[in-house]
Each structure stands twice: as structure tokens, then as C-alpha cells.
Amino acid sequence: MADINDRGTKKWTAMMMPEHEEMLRQLWQEQEYKEKPILDEQKQMEIDTKLQLAINDDLMIEAEYYDHDLHDFQKIRGRLLMIDTFAGVLRFDQADSVVSLPDVVDVVVE
């Protein structure tokens, strides 16, 4: 589908200024951005329960979270060291692995 949409643009890029080409690339990239879903109360409670289980029993988890810089979802796998509710972050056993608690959209306990 991308070929159909930018076929005309490819035709004219030889006559475009570099600034215009960069603006078009940025526009296409922004169209692929994903939005963070709004979690209902039940899903939030499920995530909280899984996090508590994982930290109490020292279990491995895989947390999916929304990365605001990339406008996409990322996954991190490891053991929880701490759930810092005051700062609103999860700290993992991997060096400098910190995830914002409000950005977590799903947790899988292994």
C-alpha cells in the first residue's frame, strides 16, 4: 500500500528541496505512530496483582510498556527488584532497567 500512496511523490522527489523530502519522510513516519491504550480498572488490578505476585515470589516477568519517545510498545523481561509506587517506576534486575508504572500495559508472569 505504501507504493501506491507514494508513487506520485517518488515521481516528483527529484524536483523537491531536501527540506520537503525530510518533511514527507517525517509525515510518513508519524502516520505509523501507535497510541497508548487507556486501561480499564479491571486490567489495572490484574497488572498490579501480577506484579505483587512476581515480587513476592521472585518470579520472572515480561512487561509490555508504551515508550513515549518511540511512539511504540516495548517489552522487557527479567526479575523485579522493586516496585516504587512513590516514584511510579518498576526496577528490574538488569542494569539501569527502569519502566514507568503508568506506561505498563500488560504483564506476563513466567
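Every number here is computed from the coordinates shown, using simple stated rules; none is lab data. Values in this document were obtained by computation on a predicted structure and should not be read as measured data. Every residue, glycine among them, receives a Cβ derived from its backbone with ideal geometry; neighbour counts consider all protein chains shown.
Cβ crowding within 10 Å ranks MET17, MET23 as MET17, MET23, fewest other Cβ atoms first. With R₀ set to 35 Å, the beta-carbon distance separating ARG25 from VAL105 gives a calculated FRET efficiency near 0.80.
Neighbour counts of other Cβ atoms within 10 Å put TYR65, TYR33 in the fewest-to-most order TYR33, TYR65. Normalised by the number of residues in the range 52-97, the mean separation of alpha-carbon contacts (under 8 Å, six or more apart) gives a relative contact order of 29 percent. Annotation: the residues ASP103, ASP67, sorted from fewest to most other C-beta atoms within 10 Å of their own C-beta, follow the order ASP67, ASP103.
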